[in-house]
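The values are calculated or read from the model by the stated rules, or taken from the named source; none is laboratory data. Here the structure is a predicted model, which means the values were calculated and not measured. Cβ atoms come from the backbone with ideal geometry, glycine included; neighbour counts cover every protein chain shown.
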Amino acid sequence: MEIKNVCVIGAGVMGSGIAQIIAINGYSVNLVDLSEELLKNVKEKIELNIDRHYVARNKFSSEEANKILDNIHYKTSIDECVNDVQLVIEAIYEDMNLKQVLFEKLDSICEKEVILASNTSSLSITDIASKCKNKDRIVGIHFFNPATVMKLIELIEGDHTSSHTLEIAKEFSKSLKKTVVTIKDSPGFITSRLIYVLCNEAINMKMEGIASTEDIDTACKLAFNFPMGPLELSDLVGLDIYSNIGDYLTDEFGEKYKPSFLLKKKVGDHQLGRKTRKGFYDY
């Protein structure tokens, strides 16, 4: 099966970035969200991003940029947007119940040949697919933020994912000029499980008062050659996201993954990082 048309469900930071990189690589993409206002704002941001980071830097001509922008179609109806697509990528909030409900719906309305993928950063693909009849076509395609820049994709094989589905998803991911690693389904996969531990421990250090936010981040950047420190990264990803990942990993693996008290407090105070303009730093 040749993939030509893709549907991305969820026009948040990740979904809009995924839609953009797919369009840049020549695919037609339907970007779906329930909010027309959000879609309008996302369209403006994508147009600005293409102009600033590609046209202004002579990576694309204005004509090429317009073709890319024409590849993205903004819609509010899931039923309409899955017609004539070969791949659907879900990029909604990290909530198992929401994802299960969505995938059960997609499984019922999409042709059996259509591959259904989740961009989840930590949740089990097998569990996401548990209410579906055609579990063999469900796979994880985990992009990283910002999706237009980050080179890695984690490809997650659920317990029922077919080799056919996995191979098509892998070739598609490579066509986006990404490096692909394949992982057996496991909570947190490789990256989220590891980076959560680092960031959660840095948050514990901050709570214990052993160093300032800036010094914790500086130490990690200079000692480990990280582009940003763990507290800065936590703000970028979203403290609510890490809190949810921590709760999920604790349920799966035990108390050693328990989210820091300070992390929970920040989330309770709605200090979620960059998205609320306040986390461990002010923005």
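Annotations
- Some residue of the stretch 152-167 being within 17 Å of the chain's Cα centre (by Cα), in the same structural domain as Y54 (by TED's automatic domain parsing), closer than 16 Å to M14 by Cβ and surrounded by fewer than 18 Cβ atoms within 10 Å (Cβ to Cβ): yes
- For the stretch 201-224, filtered to residues that are over 24 Å from the mean Cα position of the chain (by Cα) and within 21 Å of I190 (Cβ to Cβ), the residue that is surrounded by the most Cβ atoms within 10 Å (Cβ to Cβ) is C220.
- Remark: A11 falls outside the filter, which requires a residue to be closer than 14 Å to L87 by Cα and either of a type outside the set (S, T, N, Q) or in the same structural domain as V149 (by TED's automatic domain parsing) (or both).
- So Q100, is it polar (S, T, N, Q) and in contact with an Asp or Glu (Cβ under 8 Å, 6 or more places away or on another chain): yes
- Any hit, the stretch 255-274, residues being of a type in the set (S, T, N, Q), more than 19 Å from N145 (Cα to Cα) and without any contact (Cβ under 8 Å) to a residue 40 or more places away in the chain: yes
- Verdict on Y196 being touching a residue at least 12 places away in the same chain (Cβ under 8 Å) and either charged (D, E, K, R) or closer than 27 Å to L123 by Cα (or both): yes
- The listed residue being closer than 26 Å to L116 by Cβ and assigned by TED's automatic domain parsing to the domain that holds K170, out of I72, I50: I72
- Pairs linking a residue in the stretch 201-221 that is under 17 Å from K264 (Cα atoms) to a residue that is exposed (fewer than 13 other Cβ atoms within 10 Å of the Cβ), with Cβ atoms under 7 Å and 6 or more positions apart or on different chains, are M207/F261.
- Selected residue (criterion: surrounded by the most Cβ atoms within 10 Å (Cβ to Cβ)) from residues of the stretch 22-43 that are touching a residue at least 40 places away in the same chain (Cβ under 8 Å) and farther than 19 Å from V82 by Cα: I24
- Residues (farther than 24 Å from K4 by Cβ, crowded, with 21+ Cβ neighbours inside 10 Å and more than 17 Å from the chain's Cα centre (by Cα)) located in the stretch 125-151: A129, K135
- Scanning the stretch 28-68 for residues that are closer than 13 Å to S16 by Cβ and either more than 20 Å from the chain's Cα centre (by Cα) or of a type in the set (A, V, I, L, M) (or both) gives V29, L31, V32, L38, L39, K40, V42, E44, I46, E47, L48, I50.
So that you can scan it fast, the table gives a plain yes or no per residue for (1) farther than 19 Å from Q86 by Cα; (2) touching a residue at least 60 places away in the same chain (Cβ under 8 Å):
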| position | (1), (2) |
| --- | --- |
| Q100 | yes, no |
| S108 | no, no |
| S122 | yes, yes |
| F144 | yes, no |
| M150 | yes, no |
| E154 | yes, no |
| L166 | no, no |
| F172 | no, yes |
| T182 | yes, no |
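- The helices (runs of 4 or more DSSP H) located wholly in the stretch 180-256 that include 3 or more residues which are farther than 26 Å from G140 by Cα and outside the structural domain of L123 (by TED's automatic domain parsing) occupy 191-208, 213-224.
- Whichever residue in the stretch 59-116 is in a loop (DSSP other than H, G, I, E, B) and hydrophobic (A, V, I, L, M, F, W, C) and, among such residues, is surrounded by the most Cβ atoms within 10 Å (Cβ to Cβ): A91
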